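Notes to accompany the following structure.
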Amino acid sequence: QVQLVESGGGLVQPGGSLRLSCVASGTFLSIIVGGWYRQAPGKERELVATIAGGGNTAYADSVKGRFTMTRDNAKKSVYLQMNSLKPEDTAVYYCNVLIMGRYYWGQGTQVTVSS
């Protein structure tokens, strides 16, 4: 049984930073492929960042240069470092990881950027 637990969301002022964590538990070796998505009120869920098996990352144009996705295989975790946050980054953020041939979702964490 695999479970994902997200943390790190909160309220931050424009220009601030947050670091989201997604920790997986269960009997498996490591997370190979993963992504972060977000969903703002009234909008569809959108892909924000991905990390591939070789460690290559890709980002939505709206966050490129501000967000960084990383992976720690020893901790079975993926992270999203978010800098220079803008009000339009406000959303519920979800991690999505591929473990043993199946994708799992985190429970979501709220990020609110407001002064």
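The values are calculated or read from the model by the stated rules, or taken from the named source; none is laboratory data. The shown structure was predicted, so the numbers you read here are calculated from the model rather than taken from an experiment. Here the Cβ is made from the backbone with ideal geometry for all residues, glycine too, and neighbour counts use every protein chain on show. What goes into the accessible areas is simple: the full protein's heavy atoms, side chains included, and nothing from ligands, DNA or RNA. Shrake-Rupley method; radii C 1.70, N 1.55, O 1.52, S 1.80 Å.
A single member of 29, 47 is assigned to a strand (DSSP E or B) and either open to solvent by 70 Å² or more (accessible area, probe 1.4 Å) or in contact with a Ser or Thr (Cβ under 9 Å, 6 or more places away or on another chain) (or both), and it is 47. Residue-level check: of (1) over 24 Å from residue 115 (Cα atoms); (2) surrounded by 13 or more Cβ atoms within 10 Å (Cβ to Cβ), residue 38 misses just (1). Of everything in segment 1-35 that is in contact with a Gly (Cβ under 9 Å, 6 or more places away or on another chain) and polar (S, T, N, Q), the residue that is farthest from residue 50 (Cα to Cα) is 1. The number of residues in segment 4-26 that are among the polar types (S, T, N, Q), exposed (fewer than 14 other Cβ atoms within 10 Å of the Cβ) and closer than 25 Å to residue 112 by Cα comes to 3. Scanning segment 50-66 for residues that are part of a loop (DSSP other than H, G, I, E, B) and closer than 20 Å to residue 100 by Cα gives 52, 53, 54, 55, 56.
How many of the residues making up segment 87-102 are open to solvent by 10 Å² or more (accessible area, probe 1.4 Å), modelled with pLDDT under 95 and part of a strand (DSSP E or B)?
Residues of segment 87-102 that are open to solvent by 10 Å² or more (accessible area, probe 1.4 Å), as a first pass: 87-88, 90, 92, 94, 96, 98, 100-102.
If we keep only those that are modelled with pLDDT under 95 too, we end up with 98, 100-102.
Going one step further and asking which of them are part of a strand (DSSP E or B), we end up with 98, 102.
Within segment 87-102, residues that are open to solvent by 10 Å² or more (accessible area, probe 1.4 Å), modelled with pLDDT under 95 and part of a strand (DSSP E or B) number 2.
Each residue in segment 61-86 was checked for being surrounded by 13 or more Cβ atoms within 10 Å (Cβ to Cβ) and within 21 Å of residue 3 (Cβ to Cβ), and 10 of them qualify.
Residues that are aliphatic (A, V, I, L, M) and either in contact (Cβ under 8 Å) with a residue 60 or more places away in the chain or under 14 Å from residue 30 (Cα atoms) (or both) within segment 65-91 comprise 74, 78, 80, 82, 85, listed in sequence order.
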